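The values are calculated or read from the model by the stated rules, or taken from the named source; none is laboratory data. Quick caveat: nothing in here was measured; it's all calculated off a predicted structure. Cβ: placed from backbone, ideal geometry, glycine included. Neighbour counts: every protein chain shown. Areas reflect the complete protein model, heavy atoms only, side chains present, ligands, DNA and RNA absent. Shrake-Rupley method; radii C 1.70, N 1.55, O 1.52, S 1.80 Å.
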Amino acid sequence: MGTTPEKVVTMYLDEKFKSATVEGELLAKCENLKTLSCASCGLTTLAGFPALANLKDLSLNDNRIADGLEALVGCKALSSLSLANNKLANVDDLKAVAEELTLSVLELEANPLTENEDYHEKVMTMMPTLNVLDGRDEFGNEIEDDDEDDDEDEDDDEDEDDDEDDEDADEDEDEDESEEEEEEEEMGLADLYGDKPLEDDDDDDDAFVEDEDPESEDIDEEESDDDQDEAAAKKPKI
């Protein structure tokens, strides 16, 4: 079941039709339309363009539009208008739009009128509410796209993450080196005390026993001699 024209808020008709003019009666039914794109449709004029009170963003790039911009004055809410790569030859062709609308963004690149070096200044003067003309501000400085800013922010975040990873890696290396130094110190102590066998106390005891009380040996020898003499004395004479 298709939707009704009154409910349509966004419409892209790029290359969907080929006509010198817009079908105003059909388009006028889309009274709540906010975004419309009719790029590369062969348009040569905007005469007959309907008054779309809620239209905010209109893209008419890559056509052959040379006149009829006054038809846009009925689109009171229009804030962004793209007419890049058309046939607009004079800055004066924008007067009706400048007087009746409060545009903030306008694209006129690749139109004959941009060949004049001072076109940017003239158009900005005609439209006090204009913030961006062909990607530049009122001073002629280029405006960076939000997408580019997002990419730069992501790159910065990645660089910060890389820096943090490098710092963590350095800390890990320092910890490893400290552990290796501690291990070397421990091994040095082991080499100092662990390789040499300790002397057994039993050996000392044995040595002490062997040398203990040398006088007792002499007493034993004397007692032995006395026993022999007694035995000889008791032996009967024949």
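Of note:
- Given (1) part of a loop (DSSP other than H, G, I, E, B); (2) under 17 Å from Cys75 (Cβ atoms); (3) open to solvent by 50 Å² or more (accessible area, probe 1.4 Å); (4) of a type outside the set (Phe, Trp, Tyr), index of the condition Leu26 fails: (1)
- Residue ID - surrounded by the fewest Cβ atoms within 10 Å (Cβ to Cβ), chosen from residues in the stretch 95-134 that are free of Cβ contacts under 8 Å to residues at least 24 places away in the same chain and not in a helix (DSSP H, G or I): Glu117
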